[in-house]
Amino acid sequence: MKITSTSCICPVLVCLCFVQRCYGTAHHSSIKVTRNQTKHIEGETEVHHRPKRGWVWNQFFVLEEHMGPDPQYVGKLHSNSDKGDGSVKYILTGEGAGTIFIIDDTTGDIHSTKSLDREQKTHYVLHAQAIDRRTNKPLEPESEFIIKVQDINDNAPKFTDGPYIVTVPEMSDMGTSVLQVTATDADDPTYGNSARVVYSILQGQPYFSVDPKTGVIRTALHNMDREAREHYSVVIQAKDMAGQVGGLSGSTTVNITLTDVNDNPPRFPQKHYQLYVPESAQVGSAVGKIKANDADTGSNADMTYSIINGDGMGIFSISTDKETREGILSLKKPLNYEKKKSYTLNIEGANTHLDFRFSHLGPFKDATMLKIIVGDVDEPPLFSMPSYVMEVYENAKIGTVVGTVLAQDPDSANSLVRYFINYNAEDDRFFNIDANTGTIKTTKVLDREETPWYNITVTASENDNPDLLSHVTVGIRVLDVNDNPPELAREYDIVVCENSKPGQVIHTISATDKDDFANGPRFNFFLDEHLPVNPNFTLKDNEDNTASILTRRRRFSRTVQDVYYLPIMISDGGIPSLSSSSTLTIRVCACERDGRVRTCHAEAFLSSAGLSTGALIAILLCVLILLAIVVIFITLRRSKKEPLIISEEDVRENVVTYDDEGGGEEDTEAFDITALRNPSAAEELKYRRDIRPEVKLTPRHQTLSTLECIDVQEFIKQRLAEADLDPSVPPYDSLQTYAYEGQRSEAGSISSLDSATTQSDQDYHYLGDWGPEFKKLAELYGEIESERTT
């Protein structure tokens, strides 16, 4: 089967078609396929040959964009088995078979039914086969071939990235590259000139140029100035067919902006300026603005302002506002029209960012002269000092002069000035001021200890213009006088141990003084000379504003006296010196051997015995119950009113008769026989039975020697009268009978009634070995022994 193509449309393809039809038909476009057969040659025997394939790869061409009314002829399939009798049927399969490409199954002609676009699909792969129409069996194996879509110039060049926006610095050299543009052509670049693009510039000359082959845009002029023209719109064209006539073209716009460089120095619009500033302008305030113009933009237009000379350099200062690029003129010192009426300043403005490539265009700075006119205004009074400090002694009389303030009118009119003190409604007015002279005086007696410092505000105003006010602060220091005596720094809790030794320091005290240090320390401590010498304690001045309390004797007893009072005197170092008296309270406490206080209360005796609070409460309840029983018993007894019968014959010593059973001779609580035998001594020796008396008792032989001269009956009557008149006696009647036996026997009495008047040789040191429970008892009996020894 042979394949024949007759697609010759354009003149360019005439040669190809001719070659294809003449030469190529035998070699490329048609392949002769022979079937398996035996060739008979005359005179030769029949020879069997090996069968050969009849299909060889081949391709067809079809022009794109075919617009004719009839289907476009592509080519022809032909098999060597086809004898022209219609017995061979041609079948076409593959891409586009039956839809785009159709085949005449009898003749093998292939036609394209649709207009093809090479830019969408460049070729189609199909399969051809010849079969027997009667048996539907393949006459030859299936063969593959390609139909290529042949390109025509139907696509114009396109700029896919346009339009373009680009910048280039001003003043660039000629030929500076700006941008490279690229256009694409969808036609086949391997076939003809359909995709060969050439660039040209349609708009933007003579400022820019474009390379026709590469599309690179460059500057075409020297020193393009942004300040003259900033924006340019350049139109670039791309044309295919190498720019020949008939080629297709496309264009794009390139917007080029010249960026700024610092090629323009700043310039002041004027060489001379004039500014009016009133003399009342506040120091630090802005009084004017000045600005130099710069044609550049951005950082290239940044500048700083400075005062380069002039007689107002010390009075004014200038700073730069970075946002507005203005020079802000400020006042450094106050103005005074009466002293100077005008100032001259030379101000310079200079760029901060310089480009040395353009230094030949400089200098990049400019200067101008500014004349400042000081305006005269009516000013408030001016005090001679910005603030005043005055002093006055406390306790000074009302009307004492503290000091004087002075203010004057700074204007040439020199108006009179009046003064007054600004007080709040709740302030105490301790001072007043003379409205004409400015003299400040006291209106109350001042106390430095209460308020050591006063701050007042004095206001001055002109008589001619009271609305113009000026103020000044006056500080008044109250000086100290010695009007406060010293006193103890605090309340002292002073404790002395029972086992203290003579000369022992038990406490250190200090003093304080409300007066100033000049009238306070140094403090002197001493005892009052008008009081008798204290036998228990003394005072020692440590000469460092403290004093020590010392003991004068050994041992103290809480049972004898638990609190002592020590009057002391304190004087300060003022002139004249002041003194005060105070009384120190000293408590007697039980201490450990190392000096630590154990207890200072009397109930510690019970605590030392190991009794708890609950036990103490139980004991108290028992005592209350016993007292109630006693009261009931006495009430019942008094209701009986039975006389007490006493036998006249009962003259035994120490006989006590009750209407109830008593304790016999063992009951020694009824009376004291010593008082009977020596009434005069008993009058002098009344002591408590729970405390050991500190006075010595009269010996027994002295009592016996004077017994005969005492009227016992008279003594008994005296005692009876005292008992009847004594309101503290029990609420029941009692009778005590005394009898006199005569001289005592040589054997002596075995009674213990006189044990309180005699000394015992008993040794109590063994109590210290009984343990801590008997420690207090050992101390008590130890003191007794010590006193007896003394």
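The values are calculated or read from the model by the stated rules, or taken from the named source; none is laboratory data. As the structure is a prediction and not an experimental result, all values here were calculated from the model. So basically every Cβ, Gly included, is an ideal-geometry build from the backbone, and we count neighbours across all protein chains shown. The protein model used for the area step is the full one, side chains on, heavy atoms only, and it has no ligands, DNA or RNA in it. Shrake-Rupley method; radii C 1.70, N 1.55, O 1.52, S 1.80 Å.
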Self-check item: Residues within region 218-261 that are over 60 Å from the mean Cα position of the chain (by Cα) and either over 15 Å from residue 164 (Cβ atoms) or among the basic types (Lys, Arg) (or both), tallied
Solution: 16
Quiz item: Can you name every residue in region 430-462 that is out of contact with any Phe, Trp or Tyr (no Cβ under 6 Å at 6 or more places or on another chain), among the basic types (Lys, Arg) and part of a loop (DSSP other than H, G, I, E, B)?
Solution: 448
Quiz item: If we scan region 536-549, do we find a residue that is assigned to a loop (DSSP other than H, G, I, E, B) and over 56 Å from the mean Cα position of the chain (by Cα)?
Solution: yes
Quiz item: Within region 151-165, can one find any residue that is of a type in the set (Ser, Thr, Tyr), open to solvent by less than 60 Å² (accessible area, probe 1.4 Å) and in contact (Cβ under 8 Å) with a residue 24 or more places away in the chain?
Solution: yes
Self-check item: Out of 481, 474, sole residue that is surrounded by 13 or more Cβ atoms within 10 Å (Cβ to Cβ) and outside any loop (DSSP other than H, G, I, E, B)
Solution: 474
Exercise. Name the single residue, out of those in region 550-567 being open to solvent by less than 90 Å² (accessible area, probe 1.4 Å) and in a strand (DSSP E or B), that is nearest to residue 508 (Cα to Cα).
Key: 550
Practice problem: Could you grab me the full set of residues in region 470-492 that are modelled with pLDDT under 90 and in contact with a Ser or Thr (Cβ under 9 Å, 6 or more places away or on another chain)? | Solution: 482
Quiz prompt | Residue within region 209-218 that is open to solvent by less than 20 Å² (accessible area, probe 1.4 Å) and in the same structural domain as residue 364 (by the TED database) present | solution = no
Self-check item: Matching option when the condition is surrounded by fewer than 16 Cβ atoms within 10 Å (Cβ to Cβ) and either at pLDDT 80 or above or among the small types (Gly, Ala, Ser) (or both), among 54, 94, 68, 75
Solution: 68
Practice problem: Mind listing whichever residues of region 403-432 are open to solvent by less than 30 Å² (accessible area, probe 1.4 Å) and modelled with pLDDT of 90 or more? | Solution: 403, 405, 407, 417, 419, 421, 431
Practice problem: Only one of these is modelled with pLDDT under 85 and over 30 Å from residue 184 (Cβ atoms): 143, 81. Name it. | Solution: 81
Quiz item: Which one of these is open to solvent by 60 Å² or more (accessible area, probe 1.4 Å) and within 14 Å of residue 373 (Cα to Cα): 341, 332?
Solution: 341
Exercise. Please indicate, with yes or no, whether at least one residue in region 177-192 is outside any loop (DSSP other than H, G, I, E, B) and of a type in the set (Phe, Trp, Tyr).
Key: no
Exercise. State all residues of region 167-204 that are small (Gly, Ala, Ser) and either surrounded by 19 or more Cβ atoms within 10 Å (Cβ to Cβ) or not assigned by the TED database to the domain that holds residue 253 (or both); if no residue qualifies, say none.
Key: 172, 183, 194, 195, 204
Quiz item: What is the number of the single condition among (1) surrounded by fewer than 18 Cβ atoms within 10 Å (Cβ to Cβ); (2) assigned by the TED database to the domain that holds residue 563; (3) over 49 Å from the mean Cα position of the chain (by Cα) that residue 496 does not meet?
Solution: (1)
Exercise. Answer yes or no: is there a residue in region 523-537 that is at pLDDT below 90, open to solvent by less than 60 Å² (accessible area, probe 1.4 Å) and within 23 Å of residue 485 (Cα to Cα).
Key: yes
Exercise. Enumerate the pairs (first residue in region 305-329 and farther than 19 Å from residue 265 by Cβ; second residue anywhere and outside any strand (DSSP E or B) and open to solvent by less than 40 Å² (accessible area, probe 1.4 Å)) with beta-carbon separation below 8 Å, excluding pairs fewer than 6 apart on the same chain, so at least 6 apart or on different chains.
Key: 315/335
Quiz item: Scanning for something of a type in the set (Asp, Glu), assigned to a loop (DSSP other than H, G, I, E, B) and open to solvent by 20 Å² or more (accessible area, probe 1.4 Å), does region 377-395 turn up at least one residue?
Solution: yes
Quiz prompt | The listed residue being among the charged types (D, E, K, R), farther than 30 Å from residue 599 by Cα, without any contact (Cβ under 8 Å) to a residue 40 or more places away in the chain and in the same structural domain as residue 399 (by the TED database), out of 434, 447, 464 | solution = 434
